Amino acid sequence: MAEVLVYVDHVDGAVRKPTLELLTLARRIGDPVAVHLGPGADQAAATLGEYGAVKVLAAEAAEFDDYLVVPKVDALQAAYDAVSPAAVLVPSSAEGKEIAARLAVRIGSGIITDAVDLESGDEGPVATQSVFAAAFTTKSRVSKGTPVITVKPNSTAPEAAQAAGTVEQLAVSFGEKASGTKVVSRTPRESSGRPELTEAAIVVSGGRGVNGAENFHVIEELADSLGAAVGASRAAVDAGWYPHSNQVGQTGKTVSPQLYVATGISGAIQHRAGMQTSKTIVAINKDAEAPIFDLVDYGVVGDLFDVVPKLTEEVKTRKG
Ligand SMILES: Cc1cc2nc3c(=O)[nH]c(=O)nc-3n(C[C@H](O)[C@H](O)[C@H](O)COP(=O)(O)OP(=O)(O)OC[C@H]3O[C@@H](n4cnc5c(N)ncnc54)[C@H](O)[C@@H]3O)c2cc1C
């Protein structure tokens, strides 16, 4: 069976969920070969094997941390040269997309970004994308070279399928451009203790209806009762009520959780662009005519300050 390269997103060997989703999708096309860069390959290999990686190509070098993406592209290209895969899958993060695009240019291949599903086809893998603010669903395949495909988090449920996960060292020689952009300092983001917005299975978002930074605790309390991430509309972000890193939409982040709860959000096209592929959408809005109700699975017409605390209490009670 053809091999499929899967670029591993991890923190010191702790594999992040989007990579497990990629491995699950990769198995539809061929045998997944994971590419693990940086420390922790042995630890990661156990998880990667559990989710179907037949091999783990591992490389560790200071360059991966010290410089921006080019050393990682050099390494992924080395893996590509070693394996001649049927496809290369990369998580659809900002960094993932840059790595994927640079690799595609180098190997003369077509690229598909932000796929939400993947299947095998007679002429190569077929990717599903949700485009134009999720108004259309398209299926496409790369017609030139080895397909390089980035896949959005939460596109599929990770399914385990034990494989060998044998670690092999990957020899990487860095090109001149690898040391072009040095990382000179890092400021760790303050942890909210909540899941990462783009990877969360549940997102609870607040909009202008929240009416002030001091009221966002209402949204946070519901999010915490559900183990969810907190999102915000641009109106809430522009008003300074919540950080830009939490903005959902065209000029914010794209999320595709199992459950998206929009509170005090009207449902403007630019907001929908970032959340419309969510599996189940719930809106709480006091205006029954708000456009968000056109796309919801469940809608509550009511004042969020009445509804949300009651919902939080109910979730807590049911969780016992
Ligand atoms: C180029 C461009 C890019 C943009 N990018 C983004 C983006 O990335 N993300 C984004 O979100 N927007 C984006 N916007 C802005 C977008 O057009 C909307 O202005 C914005 O999404 C509105 O945010 P909102 O729904 O919170 O506010 P509003 O549209 O003002 O809606 C507030 C809603 O809250 C309801 N409400 C008020 N009080 C309560 C209450 N007590 N209880 C319940 N409901 C209540 C109201 O009925 C109303 O429906 C962009 C715009 C442009 C032009």
Accessible surface ranking that places the most exposed of 275, 1 first, with a 1.4 angstrom probe: 1, 275
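When averaged across all projection directions, what area in nm² does the alpha-carbon convex hull of the chain cover? Display every interim value, and only then the final one.
Values: hull surface 69.0 nm².
Mean projected area of the Cα convex hull: 17.2 nm².
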Evaluate the range 3-179: find the radius of gyration of its Cα atoms, find its Kirkwood radius, and give the ratio Rg to Rh. 0.94
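Which order do you get for 176, 159, 123 if you rank them by accessible area with a 1.4 Å probe, largest at the top? Provide the component values of the computation, followed by the final result.
Numbers: 176 180, 159 105, 123 130 Å².
The ordering from most to least exposed comes out as 176, 123, 159.
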Working with all protein chains in place, sort 242, 298, 260 by solvent-accessible area computed with a 1.4 Å probe, largest first. 298, 242, 260
Can you give me the distance in nm between label points at residue 95 and residue 279, each placed 7 Å from the Cα along the Cα-to-Cβ direction? 2.7 nm
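Can you tally the net charge around residue 222? Count Lys and Arg as +1, Asp and Glu as -1, for every other residue whose Cβ sits under 11 Å from the Cβ of residue 222. Don't skip to the end; give the middle numbers.
Numbers: positive: 310, 316; negative: 220, 221, 224, 313, 314.
Overall, the nearby charge balance is -3.
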Of the candidates 38, 108, 231, the farthest towards the positive dipole end of the chain (Lys/Arg Cβ +1, Asp/Glu Cβ -1, centred on the Cα centre) is 108
The range 250-282 residues near the modelled residue 305 label - backbone nitrogen below 15 Å, point 7 Å along Cα→Cβ: 264
Among 290, 198, 211, the residue whose Cα sits farthest towards the positive end of the charge dipole of the range 197-319 (+1 at Cβ of Lys and Arg, -1 at Cβ of Asp and Glu, taken about the Cα centre) is 198
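Taking the solvent-accessible surface of protein heavy atoms with a 1.4 Å probe, what is the per residue accessible area of the range 197-319 in Å²? Working shown, then result.
On the way: 5570 Å² over 123 residues.
Accessible area per residue, the range 197-319: 45 Å².
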When the dipole is taken about the Cα centre of the range 3-179, and only Lys, Arg (+1) and Asp, Glu (-1) are charged at their Cβ, what size is it in debye, to the nearest 20? 560 debye
Okay, helix-only estimate at 222 nm for the chain: each DSSP H run of n ≥ 4 adds -39500 (n - 2.57), divide by all residues, round to 500 deg cm²/dmol; what do you get? -8000 deg cm²/dmol
Flagged links, alpha-carbon separation over 27 Å, of 139/253; 152/286; 72/253: 152/286
Connecting C-alpha atoms closer than 10 Å in a GNM of the chain, tell me which of 120, 256, 245 has the biggest fluctuation. 245
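Stokes-Einstein D for the range 197-319 at 10 °C, 1.306 mPa s, Kirkwood Rh over Cα pairs, in µm²/s? Show your work: numbers first, answer last.
Details: Rh = 13.8 Å.
Approximately 115 µm²/s, per Stokes-Einstein.
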In a shell of Cβ-Cβ distance under 14 Å around residue 234, excluding residue 234 itself, what net charge do Lys and Arg (+1) and Asp and Glu (-1) give? +2
Not counting ligands, DNA or RNA, and with a 1.4 Å probe, what is residue 221's accessible surface area in Å² rounded to the nearest 10? 90 Å²
Using unit Cβ charges (K, R positive; D, E negative) and no other charged atoms, how large, in debye to the nearest 20, is the dipole of the chain about its Cα centre? 420 debye
Rounded accessible area of residue 217 (nearest 10 Å², 1.4 Å probe): 90 Å²
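Tell me the net charge near residue 263. Cut-off is 11 Å between Cβ atoms, residue 263 excluded, with +1 for each Lys or Arg and -1 for each Asp or Glu. Mind dumping the intermediate values first?
Details: positive: 208, 286; negative: 303.
Surrounding charge for residue 263 is +1.
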With DNA, RNA and ligands ignored, accessible area of residue 311 (1.4 Å probe; Å², nearest 10): 60 Å²
Long-range amide H partners of residue 300, meaning residues 5 or more apart or on another chain whose placed amide H is closer than 5 Å, are 283, 284, 285
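Taking the Cα centre of the range 177-320 as origin and charging only Cβ (+1 Lys, Arg; -1 Asp, Glu), how large is the dipole, in debye to the nearest 20? Don't skip to the answer; put the middle values down first.
On the way: 15 positive and 16 negative charges, 154 e Å.
Dipole of the range 177-320, to the nearest 20 debye: 740 debye.
The values are calculated or read from the model by the stated rules, or taken from the named source; none is laboratory data. Every value quoted in this text rests on a predicted model; they were computed, and no experiment measured them. Note: ideal-geometry Cβ built from the backbone for every residue, glycine included; neighbour counts use all protein chains shown. Side chains are part of the model used for accessible areas, which takes the heavy atoms of the whole protein and leaves out ligands, DNA and RNA. Shrake-Rupley method; radii C 1.70, N 1.55, O 1.52, S 1.80 Å.
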